[in-house]
Amino acid sequence: MKTAFFVLFLSLGGLQIGFSQATLRAGDNILLIARGLPQAEMEMLNGSYRIDNSGMLQGLPYLEGRAIRASGRTEVQVAQAIQAAYRSAEIYTTGTFTINADGQEVDRMVTVSGRAVREGPVKYFPGMNLQAAVSAAGGPHPQWGAQRVRLIRDGRQPIEYDLRKDQDKTVSLQPGDIVEVQRRGAFE
C-alpha cells in the first residue's frame, strides 16, 4: 500500500493562494505536480487535468471510474476530496501534491474560426451565446455573408446552426467551444 498526505495549493497567475477561497470552474485546466513519491509515480501523476463541462475532475491515476467534483469548490475542498479518494482507495497517504491553475484566462475562451472578421480566441463570459461569440470576433466577414455556424464541443461531431434564427442565436456556449463561421451556401 502506498501512502500520501496531500497538501494542495492553487497558483493563479503566479500568485500562490494556499487555503484561500478561490473556486474552480468547469473548463479549467489544472497542473498536478507530485513530490515525495517514487520517481516513476511522480512522472505518471504529474500533468495537466481538465475539469470537464459537468464540473468533474476525472482521469487521476489509480482512480479510474472515480470522478471528483471540482467546479464550484475551493481548492481546499478539492484537495480534501482528492485526499479522501486516494486514502479510501488505500493508494497514497504520504507525499505532497501541488495544483497550479494552467492558464486560467486561456482556458476561459471560445475560439471563433472560419469566415469571421477576426478569427481566434474570444474571452468567454457566463451566458455567452453563439451570436455574442461571433459578434466578439467582429461578426461574419462581409465578403462571405456568413449566417451559418458549426459548434464543436469537446471534440464531438459539429452541430450546425443558422444565425438568422432567434433560437440558434441564443444557443449557450461553454469555455473551450469552437464556433466555425461558414460562408454563405456552405450547408445549402
- Two-site label geometry, residue 77 and residue 125: point separation in nm, points 7 Å out along Cα→Cβ: 2.6
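So, by mean Cβ neighbours within 10 angstrom, what's the order for 118-129, 154-165, 50-61 with the highest one leading? Intermediate values should be presented prior to the final figure.
Numbers: 118-129: 14.4, 154-165: 12.4, 50-61: 17.2.
Answer by packing, highest mean first, reads 50-61, 118-129, 154-165.
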- Query: So what does residue 87 come to for accessible area, using a 1.4 Å probe and Å² rounded to 10?
  - Reply: 100
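The values are calculated or read from the model by the stated rules, or taken from the named source; none is laboratory data. The structure presented is a predicted model; accordingly, all values stated were derived computationally and were not measured. Methodologically, a virtual Cβ is constructed for each residue, glycine included, from the backbone with ideal geometry; neighbour enumeration extends over all protein chains shown. These area figures cover heavy atoms from the full protein model, side chains too; ligands, DNA and RNA do not enter into them. Shrake-Rupley method; radii C 1.70, N 1.55, O 1.52, S 1.80 Å.
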